[in-house]
C-alpha cells in the first residue's frame, strides 16, 4: 500500500479541510449547479444570489465540507457570473470552494474572487490529461496555489479501458509536476463515474480505475458519484450501494448531494467502518440529534 498523503484545502480564517485516506470522507456539495434547476438558472441570469446563498448554508449544515460552484446555465457569461456567486457564498459561509467551469476565464475569475474574499486554497474542477486542457488549467492551479481535479482521460476520449484511464491519470500527474511544480498532494484524480444504465461495465471500470489510482499512483481521488445512476429508476439505492464500494478502494472525496439523508448516513457509517470516526463519536452524535429532531417534530404535530 502506498503512503497516505493529504490534500489540504482552506477557506478563510483558518478553515481547513483535509482530504486523505486517514481522514473522514469529504463531501463536496454539488447543489450550486443550475442543471435542471429552472429557478436557480433564472436567478443566476438576473444576478440574484438568493438560492446560491441558501444552498451554501444548507449543504454545510448537512455535512458538506467543500462547496462546488457551477454557474453554467444556457447562455451564461460565466466569467461574469462566477465571481458574483463566489462572493455571495463567501459573504454567507466559510468553506473551501471548488470552482467548476469548462471556461478557464470563469475559473480564473472565481479563483481571483476567492482570494480577494480571504480564501486561502481552492479546488479547480477540472482538468483532463488532454494537452490543450492541461495548458489551460494547470497554470491557474500553479498561479493561485489551488488544488485541482484531474479527470482520467486524454486525447483518446472517455472510454471503458482501465489501462487507458490509469495511463491518462499518470500522465497528468507527471506533467503537472514537471511543467508547473504542482505536487501530487494537490491533485485529486477522478476515475470517471459514468452511468451504469448506458454501459453494463461502467461502474466496474470506475471501481477498478479507482483501486489502481490509489494503489499505484498514490494520489487522493474524487468523483461525481451520482452519475452512476443517471437515467435509472430508484437512483438513491444505486448511489448508496456505489459509494461504499468506491470508498473501500480508496476514494477520499466525492461530489454529491449532502441534502439526501441516505447519502449523509452512508458516509457517516463508512467513516466508522474505515476507522475514521474514533469510538464512533460522530455517528452517535448524529444519531442523537436525529432522534431529538424526530421527537420535537412529533411533539409539535
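Cβ separations smaller than 7 Å between residues 6+ apart or across chains give the following pairs from segment 54-71 residues that are surrounded by fewer than 24 Cβ atoms within 10 Å (Cβ to Cβ) to residues that are part of a helix (DSSP H, G or I): 57/92; 62/264; 63/264. Of all the residues in segment 111-123, those that are crowded, with 23+ Cβ neighbours inside 10 Å, over 16 Å from the mean Cα position of the chain (by Cα) and touching a residue at least 40 places away in the same chain (Cβ under 8 Å) number 1.
In summary, residue 81 fulfils each of the numbered conditions (1) in contact with a helix residue (DSSP H, G or I) (Cβ under 7 Å, 6 or more places away or on another chain); (2) without any contact (Cβ under 8 Å) to a residue 12 or more places away in the chain with the single exception of condition (2). Screening residue 153 against (1) touching a residue at least 24 places away in the same chain (Cβ under 8 Å); (2) farther than 12 Å from residue 127 by Cα; (3) in a loop (DSSP other than H, G, I, E, B); (4) in contact with a helix residue (DSSP H, G or I) (Cβ under 8 Å, 6 or more places away or on another chain) leaves a single unmet condition, (2). Give the residue, chosen from 160, 137, that is at pLDDT 95 or above, under 26 Å from residue 227 (Cα atoms) and assigned to a helix (DSSP H, G or I). Answer to the check: 137. Does segment 259-272 include one or more residues that are surrounded by fewer than 16 Cβ atoms within 10 Å (Cβ to Cβ) and more than 28 Å from residue 208 (Cα to Cα)? No, there is no match, as no residue in segment 259-272 is surrounded by fewer than 16 Cβ atoms within 10 Å (Cβ to Cβ) and more than 28 Å from residue 208 (Cα to Cα).
Within the option set 214, 204, being over 22 Å from residue 114 (Cα atoms) and crowded, with 18+ Cβ neighbours inside 10 Å holds for one residue only, 214.
Restricting 90, 27 to those that are in a strand (DSSP E or B) and either touching a helix residue (DSSP H, G or I) at 6+ places or on another chain (Cβ under 7 Å) or over 29 Å from residue 274 (Cβ atoms) (or both) reduces the list to 27.
The single condition among (1) in contact (Cβ under 8 Å) with a residue 60 or more places away in the chain; (2) over 23 Å from residue 221 (Cβ atoms); (3) buried (at least 17 other Cβ atoms within 10 Å of the Cβ) that residue 126 does not meet is (2).
For segment 1-20, the candidate set comprises residues that are modelled with pLDDT of 95 or more, assigned to a loop (DSSP other than H, G, I, E, B) and in contact with a strand residue (DSSP E or B) (Cβ under 8 Å, 6 or more places away or on another chain); within that set, the residue that is surrounded by the fewest Cβ atoms within 10 Å (Cβ to Cβ) is 6. Would you be able to say whether some residue in segment 222-233 is free of Cβ contacts under 8 Å to residues at least 12 places away in the same chain and either out of contact with any strand residue (DSSP E or B) (no Cβ under 7 Å at 6 or more places or on another chain) or loosely packed, with under 14 Cβ neighbours inside 10 Å (or both)? Yes - at least one qualifying residue is present in segment 222-233. Note on segment 58-77: residues that are in a loop (DSSP other than H, G, I, E, B), in contact with a strand residue (DSSP E or B) (Cβ under 7 Å, 6 or more places away or on another chain) and either under 23 Å from residue 286 (Cβ atoms) or modelled with pLDDT under 95 (or both) total 3.
Looking at 55, 48, just one residue is over 23 Å from residue 14 (Cβ atoms) and outside any helix (DSSP H, G or I), and that residue is 48.
I need the full set of residues from segment 93-110 which are surrounded by fewer than 17 Cβ atoms within 10 Å (Cβ to Cβ) and part of a helix (DSSP H, G or I), in order please. The answer is 105, and nothing else.
Reported count of residues in segment 185-206, each being part of a helix (DSSP H, G or I) and within 17 Å of the chain's Cα centre (by Cα), is 3.
The values are calculated or read from the model by the stated rules, or taken from the named source; none is laboratory data. Quick caveat, the model's predicted, so the values are computed rather than measured. So basically every Cβ, Gly included, is an ideal-geometry build from the backbone, and we count neighbours across all protein chains shown.
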